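In what follows, a structure is listed as structure tokens, so that the remarks can point back to it.
The values are calculated or read from the model by the stated rules, or taken from the named source; none is laboratory data. Quantities reported herein were computed from a predicted structural model and do not represent experimental measurements. Cβ placement follows ideal geometry from the backbone for every residue including glycine, while neighbour counts extend to all protein chains displayed. Surface accessibility is based on the protein's heavy atoms, side chains included, excluding ligands, DNA and RNA. Shrake-Rupley method; radii C 1.70, N 1.55, O 1.52, S 1.80 Å.
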Amino acid sequence: MTILSTPDQIAAARLLTLRAMLVLECKGMTRSRAPSAYSILKRDYNLKGSRENVLKQLDAMRAEILGESK
């Protein structure tokens, strides 16, 4: 079991969770009675575009944070 103890770790876990939610939303699944991952990401990270474009921007952000290169 991993314990997330710093604010940066918690923020990173939240970002990965929102990404997983957005992938499901792109496939047609929705949340009821709660804001969508798409709207949360657009609001909190100032991302623009369709769900697919937001996912691409989010993947680029994740790669930058993790130091990955394509």
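Figures for the structure shown
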| item | result |
| --- | --- |
| Ranked order, Tyr38, Tyr45 - accessible area, probe 1.4 Å, largest first | Tyr45, Tyr38 |
| Stretchable slack from Leu66 to Lys27, in nm (0.36 nm times residue separation minus alpha-carbon distance) | 11.5 nm |
| Mean separation of Cα contacts under 8 Å, 6 or more apart, over the residue count of the chain: relative contact order % | 24 percent |
| Cα-based equivalent ellipsoid of the chain: semi-axis lengths in Å, sorted from largest, via gyration tensor | 21, 16, 11 |
| Förster radius 30 Å - calculated FRET efficiency between Thr6 and Ser39 (Cβ-Cβ, nearest 0.05) | 0.65 |
| Apportionment of accessible area to carbon and sulfur, the chain, percent (1.4 Å) | 56 percent |
| Top of Lys27, Lys42, Lys56 by mean-square fluctuation, Gaussian network on the chain, Cα under 10 Å | Lys27 |
| Protein-only accessible surface order, largest first, of Arg19, Arg51 at 1.4 Å | Arg51, Arg19 |
| Per residue solvent-accessible surface (Å²) - the chain, probe of 1.4 Å | 76 Å² |
| Helical segments meeting 24 Å axial Cα length and Kyte-Doolittle -0.5 threshold in the chain (DSSP H) | 7-26 |
